1. Quick test of your reading of the structure: Arg327 fulfils all but one of (1) touching a residue at least 60 places away in the same chain (Cβ under 8 Å); (2) crowded, with 24+ Cβ neighbours inside 10 Å. Name the failing condition by number.
2. Tell me, yes or no, whether region 385-393 has at least one residue that is modelled with pLDDT of 90 or more, surrounded by fewer than 20 Cβ atoms within 10 Å (Cβ to Cβ), of a type in the set (Val, Ile, Thr) and within 30 Å of Gly334 (Cα to Cα).
3. Between Thr323, Thr305, which is modelled with pLDDT of 80 or more and touching a Lys or Arg at 6+ places or on another chain (Cβ under 6 Å)?
4. Looking for whichever is more than 18 Å from Asp274 (Cα to Cα) and more than 19 Å from the chain's Cα centre (by Cα) here; the options are Ala98, Ala113. Which one fits?
5. Among the residues of region 330-356, write down those that are over 14 Å from Leu208 (Cα atoms) and buried (at least 20 other Cβ atoms within 10 Å of the Cβ).
6. Any residue in region 330-347 that is modelled with pLDDT of 85 or more, more than 16 Å from Ser140 (Cβ to Cβ) and part of a helix (DSSP H, G or I)?
7. Of the numbered conditions (1) free of Cβ contacts under 8 Å to residues at least 60 places away in the same chain; (2) at negative phi, Arg214 fails exactly one; give the number of that condition.
8. Considering only residues that are within 20 Å of Val18 (Cα to Cα), touching a helix residue (DSSP H, G or I) at 6+ places or on another chain (Cβ under 7 Å) and not basic (Lys, Arg), which ones fall in region 76-96?
Amino acid sequence: MLSPLRNRAYCNLFMAQVAALLGTGVATVALSLLAHDIAGANSGEVLGIVLAIKMIAYVCVAPVASALAHHFPRRTLLIGLDIARAAVAIALPFVSEAWHVFGMMTVLYVASAAFTPAFQSMIPDVLTDEREYTKALSLSRLASDLESVASPVVAALLLAVTAYNNLFAGTAAGFAISAVLVLVAKLPEKRPAHAKPFLQRLTVGFRLFAQTPRLRGLFAISLATAAGGAMVFVNTVAIVQTALQLGTQETAWALAVFGAGSMLAAVLLPSLLDAVSDRLAVVTGGAMMTVVLAIGAFRGDAQYTDLLFMWFAMGVGYSLTVTPGGRVLRRSSGTEDRPALFAANFTLSHVCWLIAYPAAGFIGVLADQKVAFLLLAGICGSSVLLTWLVWPASDPNTLLHTHDDLPVDHPHLVEHGVRHEHPVVIDAWHPSWPKRSE
């Protein structure tokens, strides 16, 4: 499980991810307190607008940033984005109006939307062995889950000895540490990229999704992931503190149990994926979440312990649907187009969250939680079925194909040195080649 950390470059990148995640988690706590200081009873409105800005930035910015940054040195790009995020964190304690917060967070989320897919797309270049890369995906999942559990604890400890405004300094420190670790990491050089028109660079990731069956399945399962995750992230507090009449501590434990289920699945997945396909793993995870949501819709007067069992199972299913995604993206792209594909996946997955978040929140308020459970179970189950149908059960890693129409200097021909029909790893396929049989 920890063997990827023996790779010095990956170890530095992983620690950079952990530092940035902890900083972001602490900032989430501090931002809620800042919003209350500025808007008082209307702080929820401020936070709602901030989350809307986040989703819009993540949906709209990632592919554009990937296309614009195509020829930039990756190290320089990532360090610059970390510095921009650190600068925003340092400035946040000095704002006094809600629109200041909106402007600052727009800059931070735009930088994050550019940073995350670029960072994710580097990992397959550092860890070229698929088993090691699978373990790295599980480590990233663990880091994300630990962030959601550890950051509130760290923030609570800091608030015992300092004012909340000082938490933003911790956020800036996290981004600064991330920048330093990226700086010292020994990263492989990108292969020289062919000059392509901006529009082609902008759309190549989406064309890969449209033309590759397994990627269409990955997009479908992303909606199932969002449906299950949104029910947990949006409605846990309402279920625990309104329906069950319990307190904030019970809410925190419920979210922690969800995280524990996700972490358990992440630990087991590297061995599991040696025995089962990515398709079976994500469909199983989506089916688990669908069952949990359906039970929630008909569970009657559930006890708190019932919710904990449900949220643990939800966490396991959630991790099963999320963690294999990086393997699928890696297998479906070459080095040249990998950043664009990761950026497209980042955008498309957040489109799913943009659908699921309002569905979970508004239905839970306008109707009740049972209706929200039922609606999200329908979305989740439909997405799992669609994934099963569009993702071929027989999904080989190699195929025979020809590409006589390619120019002689195309990277694929340069790499393989052939123009006749030959077997090739799918991750070298490019949407400009003749359409494959599915």
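The values are calculated or read from the model by the stated rules, or taken from the named source; none is laboratory data. Remember, it's a predicted structure, so these values are computed and weren't measured experimentally. No Cβ is skipped: glycine too gets one built from the backbone with ideal geometry, and neighbour counts run over all protein chains shown.
1. (2)
2. Checked region 385-393: at least one residue is modelled with pLDDT of 90 or more, surrounded by fewer than 20 Cβ atoms within 10 Å (Cβ to Cβ), of a type in the set (Val, Ile, Thr) and within 30 Å of Gly334 (Cα to Cα).
3. Thr323
4. After ruling out the rest, the residue left standing is Ala98.
5. Within region 330-356, Ser349, His350, Cys352, Trp353, Ala356 qualify.
6. Looking through region 330-347, none of the residues is modelled with pLDDT of 85 or more, more than 16 Å from Ser140 (Cβ to Cβ) and part of a helix (DSSP H, G or I).
7. Unmet for Arg214, out of (1) free of Cβ contacts under 8 Å to residues at least 60 places away in the same chain; (2) at negative phi: (1).
8. Scanning region 76-96 gives Leu77, Leu78, Ile79, Leu81, Asp82, Ile83, Ala84, Ala86, Val88, Ala89, Ile90.
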